[in-house]
Structures are given as structure tokens and as C-alpha cells.
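Contents: one structure, followed by commentary.
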Amino acid sequence: MDLESIKTIGENISLEPIGSGVEIFVSKNHTFGTDALLLSRFAAPKKSDRAVDLGTGCGIIPFLWMRDKCLSKAVGLEISKEAVCLAQASLEKNRFQGSLEFYEGDIKKPFEYLQRSAYTLVTCNPPYKANGAGIKSSGEAALNARHETLCDLSDVISAAAGLLQFGGRFVMCQRPERLGEIFSLMTENKIEPKRLRLVCRSVGDEPWLVLVEG
């Protein structure tokens, strides 16, 4: 799929450089922020990992891994057709065919696309706001990205548990106020919290993000 083809999405599409000569397609509705960059690094994949990024959006996390040559193969699962189109176009532009795969699919039904108990690393940058909490974002794409309208924390962690093989790692980011909920759901799904990092914008500020590995 080339740039002319993805223009049919009807959004403002642009190329975003992410370093080392790699550029990915993003749009107004499907872009990325600092949290995704931090999560990709915190996950620290190994060359031997079989990795899945749930809710991958434009594919930023797998593309960062490919840029840094962290691993040889990765998969992204995303429910938005438009986001998957952007990721597929980026895949072709950067000639990562054979190293990356993107599937259009629902996190709540991961085994329709991905093999159960087959992965050593699962990552996710999920919606931060529980359904019904806070001011709703305008626009369907923004609403789905920021609010738990299509999936919630329980869905994400349950999917990760099913995809991971024994001894595999699940890595995610979320708002610090939901840390207790994350630990509880991890334990319910037999994922043991092992490592976390609180992120502050500057010294003395309250943390705005937490990175968790189980």
C-alpha cells in the first residue's frame, strides 16, 4: 500500500522520522506520544523474543524495535482499519516485510489472529481513562484511544496472559492512579508484577505515567 492509497483514509497524513533513517506514516487520529517511546525502551526486547504489541496504533513500538535492531520479528494487533493501513504503508516504505506483521483485530478476541501461549513478550499502551471517567474526547478515534470504550484493563491483561508462554513478560504503561488495579488484575491472571518505573515531567513533579512489567 502506497501513500496515494492511504490518502483515501481522509485524514491529514504525514511522514514522521523516528531516527536511523526510519520514517513512519501518521495521521491526525493515529499518531504517538512520549509514553509509547518510553514503553518501547522499558520493554527491553531481546533478539530471541517473539513479541506482540496490543493496540499498536500506527505501529510505533514495533517500528522502534526494528529501528534499534532489538529483535528479528514482531507483531502488532490493532482494531482500527485506518491505523493498520498506516502501519502497513510504513512497513513497505521501510522494507521491514518479513520482520513485522500487522493484524486488524480485537484485543478481546486475540486468538482469532494470534497463537495462544506462543509469545515471550507482550506490550500494550492501553486507553488510560476508565469508561465513564473524565471528560469524553471528541471524535471516535480519540475516544477509543483514550477511553475504555472498546476494551478495558481486564481485557488487555487477560489477552496478554493468554498469549504469553510460561516465563514470558508483559509490559504496559498507564496512569499511576490505576496501579492498584493493574496489580490486582495481573495477579488474577497469574502474571506476577516484577518491575515498575514512575515517570515525572521534571524533578519535584508528581508522576504522570507508570511503566509496569510482569
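In this Cβ point-charge picture (+1 for Lys and Arg, -1 for Asp and Glu), the chain has a dipole of about 620 debye about its Cα centre.
Given a cut-off of 15 Å, what percent of all Cα-Cα pairs of region 167-214 lie beyond it? Show your work: numbers first, answer last.
On the way: 477 of 1128 pairs.
For region 167-214, the fraction of Cα-Cα distances above 15 Å is 42 percent.
If you take the alpha carbon atoms of region 8-57 and fit the smallest convex hull around them, that volume is 118 Å³ per residue. Across the chain, Cα-Cα distances exceeding 20 Å account for 56% of all pairs.
Using a Gaussian network model of the chain in which every pair of alpha carbons under 10 angstrom is joined by a spring, one finds that among Gly59, Gly33, Gly105 the greatest mean-square fluctuation is at Gly33. The length gained on full extension between Thr187 and Ser72, counted as 0.36 nm times the residue separation minus their Cα-Cα distance, comes to 38.4 nm.
Of the accessible area of the chain, computed with a 1.4 Å probe over protein heavy atoms only, carbon and sulfur atoms account for 48 percent. When the chain is described by a simple charge dipole with +1 on each Lys and Arg Cβ and -1 on each Asp and Glu Cβ, the residue from Gly168, Trp208, Asn12 located farthest towards its positive end is Gly168.
With the simple model of a label 7 Å out from the Cα in the direction of the Cβ, Asp106 to Thr34 spans 3.6 nm. A cut-off of 5 Å between modelled amide H atoms, ignoring neighbours fewer than 5 places along the same chain, links Gln174 with Val210. Result for the chain in a Gaussian network model with C-alpha springs under 10 Å: among Gly57, Gly98, Gly21, the largest mean-square fluctuation is at Gly21. Distance between the modelled labels on Arg41 and Arg95, one decimal in nanometres: 2.8 nm (7 Å Cα→Cβ projection).
Compute the signed sum of charges (Lys and Arg +1, Asp and Glu -1) over the other residues within less than 9 Å, Cβ to Cβ, of Val122. Could the numbers behind the result be given before it?
Values: positive: Arg169; negative: Asp53.
It works out to a net charge of 0.
Among 200-207, 184-191, the peptide with the highest mean count of other Cβ atoms within 10 Å heads the list, and the full ranking is 184-191, 200-207.
What whole-number value in Å² describes the accessible area per residue of the chain for a 1.4 Å probe? Can you show the working numbers first?
Working: 10800 Å² over 214 residues.
Heavy-atom accessible area per residue stands at 50 Å².
Under the criterion of Cα pairs below 8 Å and six or more residues apart, the relative contact order for the chain equals 17 percent.
Could you work out [θ]222 nm for the chain from helices alone, using -39500 (n - 2.57) per DSSP H run of at least four and dividing by all its residues? Round to the nearest 500 deg cm²/dmol.
Numbers: 7 runs with 63 residues, N = 214.
The helix-only estimate for the chain comes to -8500 deg cm²/dmol at 222 nm.
Taken as Cα centroids, region 174-188 and region 12-46 sit 25 Å apart, rounded to the nearest whole angstrom.
The values are calculated or read from the model by the stated rules, or taken from the named source; none is laboratory data. Everything numeric here is computed off the predicted structure, so don't read it as measured data. As a convention, Cβ positions derive from the backbone with ideal geometry for all residues, glycine included, and neighbour counts pool all protein chains shown. Side chains included, ligands, DNA and RNA excluded: accessible areas come from the protein's heavy atoms. Shrake-Rupley method; radii C 1.70, N 1.55, O 1.52, S 1.80 Å.
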